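Only one structure is covered here, and it is reproduced in the block below.
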Amino acid sequence: MPLIAIGLNHQTAPLSMREKVAVDAAALPAALASLRALEGVEEAAVLSTCNRTEIYARLEPAAEPALVRWLAAQHGLDEATLSGYLYRHGEGDAIRHLFRVATGLDSLVLGEPQILGQVKEAWAAARSAGSLGNPLDRLFQQTFAVAKRVRTDTRVGAHPVSVAFAAVRLARQVFARLDEATVLLIGAGDTIELAARHLADAKVQRLLVANRTLEHAQVLATRHGGVALPLAELDRHLSEADIVITATASRLPILHRAQVEAALKARRHRPMFLLDLAVPRDIEPSIAELRDVYLYTVDDLEQVIEGNRASRREAAQQAEAIIDLQVEHYLGWWQAQGRQDALRRLRSDGEAARDEALARASRELATGEDPQSVLRRLAHQLTNRLLHAPSTALRQAALDGDADLLRAADRLYAPGNDRDGDEPGPARQA
């Protein structure tokens, strides 16, 4: 069955589309179950981050359109509209794409380290849902090995620049003196953790951390010298924030226009810098229309991180060479698996023919038939059964002019091959 990767990312789709097809962790098990239930889909995994949603699947070729229909139906989207944003990679290109994603070569921030953890989470979720078989599972295992080698053998991961780092750098451009600013972080995941670390290094004057689960906010705030707030108290403290950075897993906005309008009034319209790093977005887009508000999303980080790209392009070329080699290795394993499947079928068919002939001969002997006659019939029937399929195929090859199959038969049945009647080595391993 072919392997394909279908999806969209920051290069092919705007944030407004990416947030519509994002799959959160809580919904992933059910999504994988329904995806795996599609006719013709043998294996499947879903990777969904702030910059991409992708399906990796092994399936019958005729089932490929069903993946796009499934993705559109899952999110209530028009299939034709969604298709305009999707890319498709097959076989070697799909393998290469996953390797590039996991090593950060396909990220908005070239070489960013967080994506590898997200790929591992996608693999673990697919494993738990029972939607992975041996080929895809092995592909993900090799992906992790490739990512580790790229990090070890190249400088693509040197001085890693995360989305959180780029966000803090952008905040510096708006507020030159972070040591005089109050920053409110909303969320408590990895991105907010990294942002808190960079803000603490920048000696931010005051750090507030708001989260739906107060205990999580307290852990993060204590670690970085901040103050924890329950999300329910957001309105009381929003006016204190010069800078607001959000990154939650909420499917709906958590910061609305009326809240920001009230905060601006309390601040006497001193400017506020809002940076939404979530997909789907945490901050209502219409807030950008308010005076004295500067609202940015992950797509606005492009200019900030361009210098990072330039410094890592040479290392990225080295990483691409490693990936090309590893794609060949995986394809070699995949093709070998196909050959082993053929050998297993050959052996299974031969054993079935043997067992059937022996059972018939045993019944004839039990009725008192002449043993020599039974043995002759056994040999004749078994020979006919074993030679029927290859003989038919070779006759058809001769009629069709299939020179490759005829040459393979010449090599297979060359004089001296296995004259002692022992099994050939590969078949013994099948």
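This ranking places 81, 103 by how few other beta-carbon atoms lie within 10 Å of each, fewest first, which gives 81, 103. For residue 186, the residues whose amide H sits under 5 Å from its own are 210, 245, 246, 247, ignoring neighbours fewer than 5 places away on the same chain, with H placed 1.01 Å from N.
Dimensions of region 3-158 along the principal axes, based on C-alpha atoms and rounded to the nearest Å, stand at 42, 35, 29, largest first. Both radii were evaluated on the Cα set of region 85-233; the Rg over Rh quotient, with Rh as the Kirkwood radius, amounts to 1.07. Cα axis of helix 163-174 to longest principal axis of the chain: angle in degrees, 0 to 90, nearest 10? Between the helix axis and the principal axis of the chain, the angle is about 20 degrees. Relative to the current alpha-carbon distance between residue 347 and residue 25, full extension at 0.36 nm per residue lengthens the span by 111.5 nm. Principal axis analysis of the Cα atoms in the chain yields extents of 109, 45, 41 Å, listed in decreasing size.
Please say if region 343-413 is rounded, prolate or oblate, where rounded means a/c under 1.5 for a ≥ b ≥ c the square roots of the C-alpha gyration tensor eigenvalues, and otherwise the choice is prolate for a/b larger than b/c and oblate otherwise?
Prolate is the answer for region 343-413, as a/c is 1.5 or above and a/b outweighs b/c.
Placing R0 at 22 angstrom, the Cβ-Cβ distance between residue 39 and residue 79 gives a FRET efficiency of 0.80 after rounding to 0.05.
Note on residue 212 and residue 60: with the Förster distance fixed at 45 Å, the Cβ-Cβ geometry gives a FRET efficiency of about 0.60. Sort region 27-102 into rounded, prolate or oblate with this rule: let a ≥ b ≥ c be the square roots of the eigenvalues of the Cα gyration tensor; rounded if a/c is under 1.5, and if a/c is not under 1.5, prolate when a/b is larger than b/c, oblate otherwise. Judged from the Cα gyration tensor, region 27-102 comes out rounded (a/c under 1.5). Using Cα pairs closer than 8 Å and at least 6 residues apart in sequence, work out the relative contact order for region 343-413, in percent. Relative contact order comes out at 25 percent.
Helix 214-223: angle to the longest alpha-carbon principal axis of the chain, degrees 0 to 90, nearest 10? Once rounded, the angle reads 80 degrees. Region 67-81 and region 362-379 have Cα centres lying 64 Å from one another. The distance between label points at residue 256 and residue 180 comes to 3.5 nm (points 7 Å beyond Cα on the Cα→Cβ vector). Rounded is the label for region 163-303, because a/c, from the alpha-carbon gyration tensor with a ≥ b ≥ c as root eigenvalues, stays below 1.5. Site pair residue 219 and residue 411 shows an inter-label distance of 5.8 nm when each label is modelled 7 Å from Cα along Cα→Cβ.
Readers should treat all values here as calculations from the given coordinates under stated rules, not as data from a laboratory. Since the model is a prediction, treat every value here as computed from it, not as a measurement. Because the Cβ atoms are built from the backbone with ideal geometry, glycine has one as well, and the counts that use them run over all protein chains shown.
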